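The values are calculated or read from the model by the stated rules, or taken from the named source; none is laboratory data. A quick note: this is a predicted structure, and the numbers were derived from the prediction, not measured. Note: ideal-geometry Cβ built from the backbone for every residue, glycine included; neighbour counts use all protein chains shown. We work out accessible area using only protein heavy atoms, side chains counted, and drop any ligands, DNA or RNA first. Shrake-Rupley method; radii C 1.70, N 1.55, O 1.52, S 1.80 Å.
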Amino acid sequence: MIERPRDVYIVDAVRTPFGRYGGALSGVRPDDLAAGVLRALLDRSPDLDPARIDDVLFGNANGAGEENRDVARMAVLLAGLPVTVPGAAINRLCGSGMEAVIQAARAIALGDASVAVAGGVESMSRAPWVLPKPERAFPAKDQQLYSTTLGWRLINPQMPQEWTIPLGESAELVGAKYGITREAQDAFALASHRNAARAWSAGLYDGEVVPPSGVTLPRDENIRDTTSLEALAALKPAFLADGTITAGNASPLNDGAAALLLADEEGLAAIGREPLARVRAAAVTGIDPRYFGLGPVDAIRKVLTKAEVAPGDLRTVELNEAYAAQVLGCLAALPEIDPSVVNPRGGAIAIGHPLGASGARITGAVAHQLAAAGTGRGLAALCIGVGQALALVLER
C-alpha cells in the first residue's frame with residue numbers, strides 16, 4: 001500500500017517537427033514516427049537501462065490504419081527496446097497524448113511504475129478510408145467509403161444530430177456565443193505564426209525537437225512567416241457561408257509524434273538527469289459536444305483548484321489552438337488568465353495539430369519552458385471533440 005502518492009517528474013520531452021497534410025512526413029508510417037521519438041528520447045538519457053522502463057503509453061486518435069496494432073507496443077519493438085518493455089495505445093481523441101502522460105504519471109504516483117514513457121502520434125496524411133461491412137452478404141448497390149482523417153464517421157443514428165455537427169461549425173457556435181469577430185480570430189492566428197517563427201529563429205525549439213528518421217524537415221512545416229492580416233482576410237469561410245472560421249484561423253491537418261520520459265525519485269536517480277518539471281495535478285471534464293471548444297474552461301478551473309495554484313501564478317500556459325475562436329472563447333470565459341503567457345512560442349494554428357500527438361506536445365512545451373525559466377508553474381490544456389477536455393499543472 002502506498003502511504004502517499006509519489007512525486008512524478010518529467011525528465012525529458014521531445015517531438016518531431018510537425019508536417020503538413022501530404023507534406024514532408026506523409027511518407028512515414030505512424031508507428032515509425034512513434035518509434036523515432038521513443039528512440040531519440042532514450043538516446044538523450046544514455047545512463048538509463050531501457051529494461052527499467054515499466055510501460056510505454058502512446059496516444060493515438062485514429063487507430064484505423066498502420067497504427068492499428070497497438071502503436072505503443074509497435075514503437076517499443078521498432079525502436080529496439082527489450083521485448084520485456086510493454087506498451088499500450090490510448091485514445092481520448094485529440095487529448096490522447098496528454099491522457100497518456102496523465103496515465104503514466106498516475107501509475108508512477110501509485111507505485112505501479114518507476115520509469116515510464118508517454119507520448120502521442122498521428123499521421124493524418126496516412127489515415128485510411130474505411131469500408132463498413134454490409135448488413136447482408138453480396139450487396140447489389142454501391143458501398144460508401146469513409147475518411148478517417150478527421151471528425152465523425154459511421155455515426156450512430158441514435159446520436160442527436162446537433163452533437164455530430166462538424167468541428168468547425170462547433171467553433172462557429174463558440175465564436176457567436178462570445179461575439180468573437182473574424183478580425184480578432186485572424187489577428188490571433190497571425191500572432192501564432194509570428195510567435196512560432198520567432199521561437200524557431202531564436203533557437204527555443206533546439207532542445208525539444210528531434211529530426212524524424214530519413215526525412216529532412218528543419219522545422220514545423222505549417223508556419224507561415226510571411227502571412228499577413230490581409231492574406232488571412234482574403235480566405236473564404238470554411239464551414240458556413242457567412243461564417244468566420246477559415247483555413248487560416250483554424251489548426252491544419254498534420255503528421256507528427258511526441259514523447260516524454262517520466263520517473264519517480266528512484267527512477268530519476270537511475271536516469272541521472274535533472275528533471276524539467278514535476279507533475280502537480282491533472283483534471284478531465286465533459287461538456288455539451290456542440291461547444292466542445294469551451295471544454296478547457298472547466299478543466300482549467302478544476303486543475304488549478306486541485307493544484308492550489310492561482311491563475312496569476314502561472315508563468316506559462318499552453319492552450320491548444322484547435323481554432324482561434326475556441327481559444328479566444330476560453331480566454332473570454334477565463335479573464336483571470338493573462339493572455340500574454342498563453343502559447344508564447346506559437347500554437348497549433350502555426351505549429352500544427354496531429355491529433356494524438358498534440359497533448360504530449362503542449363505538455364512537453366510547458367516542461368521545457370519552466371526549465372528554461374528555472375522556476376514557476378505552468379498549465380497545459382486542450383479541448384477534445386465530442387465534448388471533453390484535459391488540463392495538467394506542472395511546476396519547477
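What the table shows:
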{"read-out": "The chain - share of DSSP beta bridges that are antiparallel (%, nearest 5)", "value": "70"}
{"read-out": "Extended-chain gain in nm, criterion 0.36 nm per residue less alpha-carbon gap, I165 and S147", "value": "4.9 nm"}
{"read-out": "Compactness index (Cα Rg / 2.2 N^0.38 Å), the stretch 161-218", "value": "1.71"}
{"read-out": "Whole-percent carbon and sulfur share, accessible surface of the chain, 1.4 Å", "value": "52"}
{"read-out": "Rg to Rh, two decimals, where the stretch 245-382 supplies the alpha carbon set and Rh follows Kirkwood", "value": "0.97"}
{"read-out": "Per residue Cα convex hull volume in Å³ - calculated over the stretch 109-160", "value": "217"}
{"read-out": "Distance histogram in 10 Å bins (all Cα pairs of the stretch 44-161, percent per bin)", "value": "13, 33, 28, 16, 8, 2, 0"}
{"read-out": "The stretch 258-281-the stretch 1-53 distance, computed between alpha-carbon centres (Å)", "value": "13"}
{"read-out": "Mean separation of Cα contacts under 8 Å (6+ apart) over length of the stretch 85-232, as relative contact order %", "value": "13"}
{"read-out": "Where the stretch 135-292 is the region considered: accessible area per residue in Å², 1.4 Å probe", "value": "55"}
{"read-out": "Accessible area in square angstrom per residue, the stretch 316-370, 1.4 angstrom probe", "value": "16"}
{"read-out": "Relative contact order computed over the chain (Cα-Cα under 8 Å; 6+ residues apart), in percent", "value": "28"}
{"read-out": "Modelled FRET efficiency - R0 25 Å, A247 with T226, Cβ distances, 0.05 increments", "value": "0.95"}
{"read-out": "Calculated over the stretch 335-396: convex hull of Cα atoms, volume per residue (Å³)", "value": "101"}
{"read-out": "For the chain, convex hull volume per residue from C-alpha positions, Å³", "value": "155"}
